Structure formats: C-alpha cells, structure tokens
Amino acid sequence: MSKRSTEQIRESVRKNYGAVAERGKAGGGCAPASACCTGEPTPVEVDAGRLGYSQAELESVPAGANLGLGCGNPQAIAALKPGDTVLDLGSGAGFDCFLAAVQVAPEGRVIGVDMTPQMLVKARGNAVKGGYTNVEFRQGEIERLPVRDESVDVIISNCVINLSPDKGAVFREAFRVLKPGGRLAVSDIVATAPLPEHVQADLNLYVGCVAGAETPHKLEGYLRDAGFSAIAIRPKDESREFIKEWSPQSEVGDYVRSATIEAVKPA
C-alpha cells in the first residue's frame, strides 16, 4: 500500500469517526452511517446487547459513551482484575474504558488512545460526568502509541485494528507497551473468505470496518512476527446477521465475521 493511500485511509477514518462523535451516534454497528450503512440505524442499546454487553453495563456508563461502534465485547475475554493497567486502542467516546475502570478500580488505571480529536473531547467529557478518576485519554495513532515500554497489563480494543492500514505496526506497538506476561484481548472484524477487489477498493467499506479486514491466518502471522504467543483467533458465525445490516446493499456478510483475538507477551 502506498504512502498516499495509507494517509487517505487514515484521514477518511478520522473524518468519518469525527462526524460520528459530533453526531453523538453511529449508523448501527461498527460502521458509521456516513460510511456504508443505509436505512434506519439499530438503537445502540440493542446493538450492544447483541454484542454481549449486559443491561447493567449499558446503564453504568454516562449517556453518550456508547456510540454503537463495536463488533463485540472485549471485556468478556480480558479477565481484568483490580490493580491492572489497561490500554484501549481506539477508545472512542470511552465506553469500554469506563467498564474497564470499574473492574480495575480503585488501584488500577485505564488509558484510552484515539486519533480523532472530536472523540477525545467527548470521552474526556464523559469521564468528568461519570467521575472516573482512574481513566485518561491520549491522542495518538495505534501504530505509534503514546505509551511507554512495558507499562500495560492488558490491551483491549473493539473493532478498530481492522481500520489500520498497517496492522503489523499495531501489533508491534502492542507488544512494546505490554509488560512481560501481558495480554491482548480484542474484538474485531476478520475476513473468512477472500474479499472481492471491488470491496477492497471501496473506501467507504474500509471506513465501515469491512474492506480492511484480514484473514485469521494473516493476523496470526502479524502477531507471531511481533513476538506474541498463545494466539487464539475465534470468528463468530452468528455475527454474520448483524454485519449484513451494516451494508444492506452489498454482500459483505458473506466475507467477514466478528472475532475475538487473544495473545500473550511471553514472560
């Protein structure tokens, strides 16, 4: 991928998700309405329930923290415990950070990183509204994390790594900032069949969490090259139904699935 196309992708992602932050809601699921969704979006509460969040979790965060942008629930596999330092890649309006803060509080810490200024403004405002004193949000790209070496116990992320044009760099950075024995616990979109050329070339479908999806085999290669072990990537067949709603006029549900991605930095 050329530098120009990489920057074009990054700027398109920043622009579209900035608009989602200003609008205060997505178009249903991972993809923002301005990207690839059409029709009336599914309410974020319904979407979150389908992705594995409980009603209690939805009610525990400030209004506006859940923008309906995920494709799973990384909390379900993160096994967070009191005292952990947690890093959320692509933290958005702070939804997963705030859930994590409850699990690691009061002695733990949560860092959210996002490259979209509008999302950071929204997340920081939500942190104040919710009284979260152990959460901070930093501006940065997930390929170049503003986090020091070996300072994080667990990395979570929800439907963001697929948006990166350099996934190898994302996993290398994740490995760098994790402590020895640290864990990666991610919900994301993976390709379960080769994406047609017209899908790969569609920038709206890239921004909509589809065209940037990689196969589990390729993601495992990135993780191993970065140094990770105990890699487990599990696509969820049942996710096909809600993914089809992201782009009703296309066949994207035939090619991608939501998946959990887990890995460990060897101790």
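Coordinate-derived values only; no laboratory data. All values derive from a computational prediction rather than experimental measurement. We place every Cβ from the backbone using ideal geometry, glycine too, and count neighbours over all the protein chains shown.
Let me know the shape class of the range 117-267, please: from the alpha-carbon gyration tensor, a ≥ b ≥ c as square roots of the eigenvalues, rounded when a/c is under 1.5, otherwise prolate if a/b is greater than b/c, or oblate. Show your work: numbers first, answer last.
Details: a/c = 1.97, a/b = 1.29, b/c = 1.53.
It comes out oblate by the Cα gyration axes.
Each of the peptides 162-171, 101-110 was scored by the mean count of other Cβ atoms within 10 Å over its residues; in descending order, highest first, they stand as 162-171, 101-110.
Rounded to whole Å, give me the distance from the Cα center of the range 133-167 to that of the range 69-104. About 11 Å separates the Cα centre of the range 133-167 from the one of the range 69-104. When each of TYR132, TYR222 is scored by the number of other beta-carbon atoms lying within 10 Å, the sequence from fewest to most is TYR222, TYR132. Its DSSP H runs of at least 4 residues, each contributing -39,500 (n - 2.57), put the calculated 222 nm mean residue ellipticity of the chain at -10500 deg cm²/dmol, to the nearest 500.
Kirkwood Rh and Cα-based Rg: tell me the resulting Rg over Rh for the range 110-180, rounded to two decimals.
Checking Rg against Rh, the ratio lands at 0.98.
Dipole size of the chain about its Cα centre, with +1 on Lys/Arg Cβ and -1 on Asp/Glu Cβ: approximately 560 debye, rounded to the nearest 20.
Using only alpha-carbon positions, what ratio does the radius of gyration of the chain give when scaled by 2.2 N^0.38 Å? Display every interim value, and only then the final one.
Values: Rg = 16.8 Å, N = 267, 2.2 N^0.38 = 18.4 Å.
Taking the Cα Rg and dividing by 2.2 N^0.38 Å, one obtains 0.91.
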